[in-house]
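The values are calculated or read from the model by the stated rules, or taken from the named source; none is laboratory data. Keep in mind the model is a prediction, meaning the values are calculated, not measured. Cβ sites come from the backbone with ideal geometry, for glycine too, and all protein chains shown count toward neighbours.
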C-alpha cells in the first residue's frame, strides 16, 4: 500500500512544474532534426520550408507550447534523394543527438528516413511526402501528417465531377513516386464513376519533351485532361500544351510551386484556364491564422533571402509539422514512448486545418484544407472550390 | 617484411575504428566498404582484361532488388542474397556474349545502355519493385553496426588478398593480363580470349550483385535511383582514381571518395562539397596517373 | 608422314587474291623456309595456318586432322605455336611471366589443366617448364626483369621461349632475324637447329636468305600469293621464276627475254 | 498526326545531332569521349538565357558559342591533353569536369529551373490538329543550318582536312607537320560551340536547369554508335534515326521507357555490328 502511495505522490510531483507554466526550457531543450532538400533540383522548396520551420520553433519557444521544453531545430540537407536522406538521418541521430525527426520532401527520400527512424527508434513525422502508407509500412516510429495521395485523389475525383461535365478523360503522369500512385488511384476512381479513360500515358520523368504525348490528346478526343507531374515538369507541360493550341480543359493534380510557375507560364495557364488542386493557396479566403503566417513568412524570406515569395503548401506543412511535434512533446514528453502515444491521439487546429491520426499513423484528411484554383487569363489565381 | 607489418598495423587500426568514431561515421565506412565491392568488380573486369563497363550499377541493382523482393516474400536473406548474385552473374553472362566482341568506346556505351535498361525496368515494374516508391522494411534483421563493420571489413580484405594473389602470384593473373595487353598474342598462346572475357564479365557482375545484396541487407530500403547511370560513373571514377589495375587502390579510393565529401558537408550545404569532389578526381588524375594504387606500388618498391 | 599439309589453300580480301592454290607439307623435325618478296602473302599464309584468318578454299591438315574449323586458341592447344613479325609481349610483365603465359595452351588442352591455373606461378610444374625454355633460348639470367627494359634483340628470344614452353609440334617463326646483332643471329640459328632436332617442325619465314640457306633442308617460294617453287635452297637460287620474283625486274626480264627468243 | 511526329522527331534529332557531332569530332581527333559535353549544352543554354535581353536571340546564340569556345580550350587543357596516352583517365577526367561545371552553374544560376523566353515561343503555327511553336521550327531549321555549315567545314576547308587527317592516323598527321595539339584544341572548341547552339536552341523548347543536358548526351552517344565513331555524316544520320525512333516509339510503344528504346536499339545494333553501322577502318592488323 505504502509503495503505491509513494508512486502516486511522485507522479504528482512530476506533473506539478508543467501546471505552473514554468518558463520555456525550464525542463531543458529537445533537439529536433529537420530533413529537407537544400541542394539539387528541389532546393527551391527546401530554402523556404526551412524558414517556415524556424518561425514555428521561435513561436513554440516564445509561447511555451512544448510543455516547458525548448525546441532546438537541427537542419540536414537530404537533397530529396534516398542515399543522402539515409546518411543525413544517421548523422542527425548519432552526431547531433536529435531526439525527434521531421522530414522529408520527396517520397523516395522519406522511405529511407522512415527506415532509419524505425531502426534507431527515433520518432519521425513525415511532413510533406504524400505517397500512401509510408508511415504505416515503415514501422511504429513514423507518423505522416501530409494528406496521403489516396485521400486527395478521392477529393479531386468528387470535385472534378462537380465542376466539369465530362464523359471521357485522359490521364497523363510522370513515372515518379507521386505520379504512379496517382495514376493507379485516379484510373480506378474514374472507372468507378463511369467515365471512359481514353488516354493513359506514363512519361519518363527525365524526359522534358512532352510534345509526343500532347500530340496524342486531340487524337483520343477526351473531354478533360488530368495530369500529375512535378512542379518543374508541370510548367514545361503547360507551356507545350498551350503552344499546341489544345483547348480541352486541363486539371493538374500537382500543387503550384511559388513564383516560378506563375511567372513562367501564368499567361499560358490563363489562356487554357488551367485548374489545379492545392492544399493551400495564398488568397483572400485564407483564415486569419493563415493570413498571419503568410505575412510572417513572406517578410522573413524577403529579409533573409531577399527574394519575393508566395507562401506554398510545403511551407505551411513544415510549419504545422513543428507545431504538431511541440504539441506531442507537451502532452507526452520528448521520450519516444510518451511522445508516440501522445502523437497518436493528437487533436489540434493549425494553419492547414484540423489534425488527427488514424491507426496507420496517417493524418485523417477530413479536417485538412483542400481547394481547387483556376488561373485567370491575366495570370492571377482564383479559388474555385 | 616491413611493408607486411605496415599492412597488418593499418588493418588493425581500421578494425578498431568503430570504437573511436560514432555510428554516423561507421555507417559511412560501411557504405564505403559495400561500394568498394562494386569498385572491385570494375578492377577485376577493367584492371585485368581491359574491358570497360558503364553498367555496373545495373548489376548492383539486380543483386539488391532480388534480395529485397525475395526477403519481403519470406525467403531467408542468405538464400535471397545468393539468388541475387546468381541472377547478376546470369545477366553478366548474357551481356558478356555481345559485349566481349566489342572494343573500347563501343563497349563503354553498350554497357551504359544495359545500365539504363535495368534502371528503367526497376523504375517501371511497379508491381514487383514498387518502382520509385521504393522497397521499405526489408526484413533482414537489425544487426548492430559494429558486426556489420567487421563483417564487411573481413569480406573486403579477403577479396583484396584474393585479387592481389591472382594479380601477382597466380597463373590466372598472367592469363588475364595477357588478354588485356594483346589479345592476338594471347590467342596464339592458347588462351580462349572470348571465354576469358565472358568469365570476367560474369564474375565481375557477380561481385557487383554481391555489393547490391549487401547494401539491401544493410540499409533495408531500396529505390531505383540508387542504381542509375550516375552511380555507374561514380564506381568507374573510384576505380580509376584508385588506379585501374590495383584492387588495393580501388579499396582506398572508395573509402576516400565516400568519406571526404561527407566530411566536407561542414563547408555548407550547397555545392562546395561536390565541387571539391570533382576537383579532387581531377587532381588525382593529373598528378597520379596510375592512381592511388600506383602511389602505393611506388612506396612499396 | 607429315605433321602439316596444305593443299590448294587460297584467301581473298574483297577483290585482292592474297593467296591462290598454295600447297606444301612439312615433316616432324624439318625446318622449311618460306620466302618471297615483301607483300607476297607470307604473313597471310602464317595467319591462315594459325587460324587468325579463315581460308576461302583448300584444306589445312595438322597431324592428319582438318583444322579448318578450329579457332586460333584451339590450334595453339593442338600444338601450333608462333612468333610475330612485330614482337608481341606484355611489356609490363617480367620475362618469366610472359613465357609462363605460353603454358596456357598446355593448361587448357587437358581437363586437369584448369586446376593448375590457380596454382602459384612459382609452383614447381610451372617453374620447371619456364626455366627449361628460358635456358634453351639463353635468357636464364633475365627471368625476373620486366620485358620493357630488355634490348630489342633479346625480346625475340622471349617470344620464342613463350612459343616453345608448351612443347609444340609445329613452330612458325615470322621473320625472327630482323633487328638481331651478329651474335644473336648465330644464337638464333643454333636454337632453330636444336628445336628441329627435338622433333618439332619449324616453318621459318625470313628475308635473310643466308640464314635460310643454312637452316632449311627445303624452301617454298611465294610471289603475289602464288606458290612458284619448292625444293632445296640451292635449286631455288638458280630457278628462273624465283629470280624474277625476287629481283622484281620481271617486266625488264620478260621483255628482254622475249625479244631474245624472237 | 504523322506530321507532328515528324516535327517532334526532327526537333529531337536536331538537338542530339548538334551534341553528337561535337562528340564525334573530339573523338575522331583525340580518340577520347567527352563526358562533359552534356554540361557544355547546359552552359550554352544559360549563357544564351542571360544574354538574350542584351543581344537578342541570335546575338545570344553567338555569345553562347563564344563562351563555349573558351570552355572548349579549358576542357582540352584540363581533361584531354594530360591524358593523351591513357584514354580511360581522360574519360574520367571529363566526368570530373562535368561535376565541376554542374556545381559551378548551380552556384551561379541557382538550382531553380527557369523558362527561357523568346518571342518565338508564343506564336505557333497550326499543323493539322496540333499547333507547333515557331521556336520548334527555328530549332529544326537552325540545327540543320549549323550541321550543314559544319559538314562544309569538315569537307572543304583546310581545317576540315586537318581534322580528317588526324582522325585517320595520328602519327602520320603529325609527321606531315600538322600541329596535332592545335587541331585537338580546335576540335574541342568546335564541339563545345556545337553544344552551345544545341543548348541555346533547345533551351526555349523546354526549361533550363543546371542538371539539364544529361539525356541529350546519352542519346548523342547512341547516335554516335549508330553513325560510327569519328564519322561526322554517319553521326548526323544516327541522330536522325534516334530522334525519329524515340518520337515514334513515344506514341506507339510507351514513353515511360523512352531512353530505353534508343539504348535497346543501340545494344541490338552492337550485337550485329560490333563496330557500329558505319565501321571505321580496321585499326588492328596482325
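The table for this structure:
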| read-out | value |
| --- | --- |
| Residue that is part of a helix (DSSP H, G or I) and closer than 18 Å to residue D:146 by Cα, where the choices are D:250, D:222, D:196 | D:196 |
| The stretch B:153-174: number of residues that are in a helix (DSSP H, G or I), at the interface with chain C (Cβ under 9 Å from one of its Cβ atoms) and within 19 Å of residue B:41 (Cβ to Cβ) | 4 |
| Residues being more than 20 Å from residue A:206 (Cα to Cα), more than 7 Å from every other protein chain (Cβ to nearest Cβ) and surrounded by fewer than 24 Cβ atoms within 10 Å (Cβ to Cβ) - total across the stretch B:112-137 | 2 |
| Failed condition for residue B:22, given (1) within 13 Å of chain A (Cβ to nearest Cβ); (2) touching a residue at least 12 places away in the same chain (Cβ under 8 Å); (3) surrounded by fewer than 24 Cβ atoms within 10 Å (Cβ to Cβ) | (2) |
| Looking only at the stretch C:81-129, and only at residues there that are over 24 Å from residue C:149 (Cβ atoms), part of a loop (DSSP other than H, G, I, E, B) and more than 10 Å from chain B (Cβ to nearest Cβ), the one that is modelled with the highest pLDDT | C:110 |
| Members of the stretch A:319-334 that are over 13 Å from residue A:65 (Cβ atoms) and in contact (Cβ under 8 Å) with a residue 12 or more places away in the chain | A:321, A:333, A:334 |
| Only one of D:9, D:38, D:85 that is free of Cβ contacts under 8 Å to residues at least 12 places away in the same chain and either within 21 Å of residue D:263 (Cβ to Cβ) or assigned to a loop (DSSP other than H, G, I, E, B) (or both) | D:85 |
| The lone exception for residue C:39 - which of (1) surrounded by 17 or more Cβ atoms within 10 Å (Cβ to Cβ); (2) part of a loop (DSSP other than H, G, I, E, B) it fails | (1) |
| Candidates D:118, D:112, filtered to the one that is surrounded by 17 or more Cβ atoms within 10 Å (Cβ to Cβ), more than 19 Å from residue B:286 (Cβ to Cβ), within 14 Å of chain B (Cβ to nearest Cβ) and modelled with pLDDT under 85 | D:112 |
| Restricting the stretch C:43-66 to residues that are farther than 16 Å from residue C:172 by Cα and buried (at least 17 other Cβ atoms within 10 Å of the Cβ), the residue that is farthest from the other protein chains (Cβ to nearest Cβ) | C:58 |
| Flag if residue C:184 is more than 21 Å from residue C:96 (Cα to Cα) and either assigned by TED's automatic domain parsing to the domain that holds residue C:44 or in a strand (DSSP E or B) (or both) | no |
| Top-ranked residue of the stretch A:45-78 - restricted to ones that are out of contact with any helix residue (DSSP H, G or I) (no Cβ under 7 Å at 6 or more places or on another chain) and within 14 Å of chain B (Cβ to nearest Cβ), ranked as modelled with the highest pLDDT | A:50 |
| Residue within the stretch B:240-249 that is under 18 Å from residue C:118 (Cβ atoms), in a helix (DSSP H, G or I) and either within 14 Å of chain C (Cβ to nearest Cβ) or in contact with a strand residue (DSSP E or B) (Cβ under 9 Å, 6 or more places away or on another chain) (or both) present | no |
| Scan of the stretch B:52-73 for residues that are in contact (Cβ under 8 Å) with a residue 40 or more places away in the chain and more than 15 Å from the chain's Cα centre (by Cα), ordered by number | B:65, B:66, B:67, B:68, B:69, B:71, B:72 |
| Residue match in the stretch A:184-201 (condition: under 27 Å from residue A:314 (Cβ atoms), at pLDDT 85 or above and buried (at least 23 other Cβ atoms within 10 Å of the Cβ)) | yes |
| Test: residue B:95 is in contact with a helix residue (DSSP H, G or I) (Cβ under 6 Å, 6 or more places away or on another chain) and under 17 Å from residue D:268 (Cα atoms) | yes |
| Positions within the stretch C:130-155 being assigned to a helix (DSSP H, G or I), away from chain B (no Cβ under 12 Å) and touching a strand residue (DSSP E or B) at 6+ places or on another chain (Cβ under 9 Å), in sequence order | C:142 |
| Checking residue D:107 against (1) in a helix (DSSP H, G or I); (2) more than 7 Å from chain B (Cβ to nearest Cβ), the condition it does not meet | (2) |
| Test: residue in the stretch B:248-255 that is closer than 29 Å to residue A:118 by Cα, surrounded by fewer than 24 Cβ atoms within 10 Å (Cβ to Cβ) and at pLDDT below 90 | yes |
| The listed residue being free of Cβ contacts under 8 Å to residues at least 40 places away in the same chain and surrounded by fewer than 21 Cβ atoms within 10 Å (Cβ to Cβ), out of D:141, D:93 | D:141 |
| Given (1) out of contact with any strand residue (DSSP E or B) (no Cβ under 9 Å at 6 or more places or on another chain); (2) within 14 Å of chain A (Cβ to nearest Cβ); (3) assigned to a helix (DSSP H, G or I), index of the condition residue D:187 fails | (2) |
| Selection count, the stretch D:194-240, where residues are buried (at least 24 other Cβ atoms within 10 Å of the Cβ) and touching a strand residue (DSSP E or B) at 6+ places or on another chain (Cβ under 7 Å) | 1 |
| Sole exception among (1) closer than 24 Å to residue D:246 by Cα; (2) more than 14 Å from chain B (Cβ to nearest Cβ) for residue D:70, by number | (1) |
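Let's see how each residue does on (1) within 26 Å of residue D:245 (Cβ to Cβ); (2) in contact with a strand residue (DSSP E or B) (Cβ under 9 Å, 6 or more places away or on another chain); (3) not in a helix (DSSP H, G or I):
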site	(1), (2), (3)
A:183	yes, yes, no
A:189	no, no, no
A:198	yes, yes, yes
A:201	yes, yes, yes
A:233	yes, yes, no
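Table: residues versus (1) more than 14 Å from chain D (Cβ to nearest Cβ); (2) in contact with a helix residue (DSSP H, G or I) (Cβ under 6 Å, 6 or more places away or on another chain).
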position	(1), (2)
A:167	yes, no
A:189	yes, yes
A:208	no, yes
A:212	no, yes
A:221	no, no
A:231	no, no
